Amino acid sequence: MLASLADPAVGAPGEGPARDRVRELLAAAGSVLDAAAHAIRHGDPVRLPAPALAVLKAPDTADLFRGAPLRAAHRLAALLDDVLETAEPGSGRTAEPQEAMLRPTLWQLAPMVLASVRAELRPGSPILRHAVRVSAVACSGYLIGHALPLGHAYWAPMASVMLMRPDFTQTYTRAVARFGGTLVGVLVATAVVQLAHPGMYLSGLLAVISAGLMYTLMRTGYAVAMVFVSAYVVFLLGMGGVRWDQTVPDRVALTLLGGLFAMAAYAVYPAWETPRLRTRLADWLAAGGRYAAAVLGQYADPAGARRGDVRAALLEVRDARMAWQEAVDRAAGEPVRHRGISRAAADDAGNALAAMGRHAMLLEAHLPDRAEPPDPAAAALAQALRTATEAGAKAVRERKVPRWDAVRAVLAAWDAPAPSVLRGAAQQLLDSLDEVSEALRGGPGN
């Protein structure tokens, strides 16, 4: 709604009294959202500035705006009312009156945890693969560590468990950072012990300082934290009279062993994201088509359409987009031969689908009133878009280039005049779909 009001192409004119009111509305929306965020963060009642409320409820808004800008202004005021109601303590979102929005208790989280576990109990789940890898590596590392003539055998499996993540990139970077940080930390601590020969109390003080620096600098990077963790271990063991040559070789060797176990687990039982990029892209494409079709359905039948369908479809699109972005980030550092989508094709296709979502959201910002007559052209376009994107998602999974002839035919058949926002956004939706196809057609391997 904010973007719809701010854009002169679909909102108020670029200059004049209407544009001045748009600036006031945008500033008032910022004040309302700031006040709601403060109330949620601190659990206090919402303290809304009076000028902001006066602007949002101004009676002369209908005199300044007409058509789409007026609908957007009214919808913005309604949405901000929902924000304030949700942020207010005792709004029904909390268990007790006058309580702030609190995190769920342990017992309230239990059903959510069980549902998440059941959802991952499937052969293709990367989370299940990660659980199997961690279990196998921890057990193997513990047995091999005890079989080696080294002390502190638990360091190897502990290092593996702390390094391993569901994706290869994070595991690899953490392994390098841990080994490098451990090596630097034990060398520095050993140098201090050899030069200063600290006693028990001084070793304890150095251990406390190392722990404090670890917590202080933890957010600067994993390698930095490992430097001070390793120094802490050397000083702590030195308090008990253990010589440096009894700890440093074991620490370095077992940390390296744990890192090698973690890397070997990915070679034996991998879970690469690169081959699954097409599936993630197809899921996003299908979800985007359902969202756009749900929005167009509001134009097709303003009186009978359910607004909840649009919100459910929007949340599905957001989940699919986040899954795609996470997959792209993970695939960027994987040492596998290209079997999915090239980097350029992934970027172009992702940008096109993001633009498609923005165009559909623009249509949602200008939904017609329930008293408006149905639009048969919107109904035909919604059906064509839903069918075409489902077929397009199937084509993407099968390494084919999707086609949008049905959507193009529906737009070409629009001989009756349609609302400017609807017609313009519908054409932009088709343009975005064409850009997806062009990205997948770009070159070898696409």
Discussion item. I want to confirm something. Restricting to region 325-360 and keeping residues that are open to solvent by 40 Å² or more (accessible area, probe 1.4 Å) and hydrophobic (A, V, I, L, M, F, W, C), which single residue is modelled with the lowest pLDDT?
Written reply: Ala332
Fill in: Meets criteria (within 24 Å of Met361 (Cα to Cα) and either in contact with a His (Cβ under 8 Å, 6 or more places away or on another chain) or open to solvent by less than 30 Å² (accessible area, probe 1.4 Å) (or both)) for Arg71
yes
Worksheet item: Pairs, please: C-beta under 6 Å, at least 6 apart or cross-chain, first residue touching a residue at least 40 places away in the same chain (Cβ under 8 Å) and in region 50-61, second assigned to a helix (DSSP H, G or I)?
Response: Thr61/Ala73
Worksheet item: Tell me, which helices (runs of 4 or more DSSP H) lie completely within region 20-93 with 1 or more residues that are within 26 Å of Tyr299 (Cβ to Cβ) and modelled with pLDDT under 85?
Response: 61-64, 68-87
Worksheet item: Given (1) in contact with a Gly (Cβ under 9 Å, 6 or more places away or on another chain); (2) closer than 23 Å to Arg330 by Cα; (3) at pLDDT 85 or above, where does Arg219 come up short, assuming only one miss?
Response: (1)
Worksheet item: For residues in region 365-381 being modelled with pLDDT under 85 and in a helix (DSSP H, G or I), which is nearest to Ala68 (Cα to Cα)?
Response: Ala365
Item to complete: Scan region 98-124 and report the pairs whose first residue is modelled with pLDDT under 85 and whose second residue is open to solvent by 100 Å² or more (accessible area, probe 1.4 Å), with Cβ atoms within less than 8 Å and a gap of 6+ or a chain change.
Response: Ala100/His42; Met101/Arg93; Pro104/Met112
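Among the listed residues Ala346, Ala332, Ala323, Ala365, which satisfies the condition of being touching a Ser or Thr at 6+ places or on another chain (Cβ under 8 Å) and closer than 26 Å to Tyr266 by Cβ? Can you show your working first?
Working: Ala346 fails: touching a Ser or Thr at 6+ places or on another chain (Cβ under 8 Å); Ala323 fails: touching a Ser or Thr at 6+ places or on another chain (Cβ under 8 Å); Ala365 fails: closer than 26 Å to Tyr266 by Cβ.
On inspection, the qualifying residue turns out to be Ala332.
Would a scan of region 304-324 turn up a residue that is more than 26 Å from Met1 (Cα to Cα), open to solvent by less than 40 Å² (accessible area, probe 1.4 Å) and either of a type outside the set (Ser, Thr, Tyr) or outside any helix (DSSP H, G or I) (or both)?
Residues of region 304-324 more than 26 Å from Met1 (Cα to Cα): none.
No: region 304-324 contains no residue that is more than 26 Å from Met1 (Cα to Cα), open to solvent by less than 40 Å² (accessible area, probe 1.4 Å) and either of a type outside the set (Ser, Thr, Tyr) or outside any helix (DSSP H, G or I) (or both).
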Worksheet item: Is it fair to say Tyr291 is of a type in the set (Ser, Thr, Tyr), assigned to a helix (DSSP H, G or I) and modelled with pLDDT of 90 or more?
Response: yes
Item to complete: May I ask you to say which residue of Arg386, Arg399 is part of a helix (DSSP H, G or I), more than 23 Å from Ala3 (Cα to Cα), open to solvent by 50 Å² or more (accessible area, probe 1.4 Å) and in contact (Cβ under 8 Å) with a residue 60 or more places away in the chain?
Response: Arg386
Item to complete: From the list Asp301, Asp250, pick out the single residue that is over 31 Å from the mean Cα position of the chain (by Cα), closer than 19 Å to Ala175 by Cβ and among the acidic types (Asp, Glu).
Response: Asp250
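The values are calculated or read from the model by the stated rules, or taken from the named source; none is laboratory data. Being a predicted model, the structure only gives us computed values, none of them experimental. Cβ atoms come from the backbone with ideal geometry, glycine included; neighbour counts cover every protein chain shown. Protein only, heavy atoms only, side chains kept; ligands, DNA and RNA dropped before computing areas. Shrake-Rupley method; radii C 1.70, N 1.55, O 1.52, S 1.80 Å.
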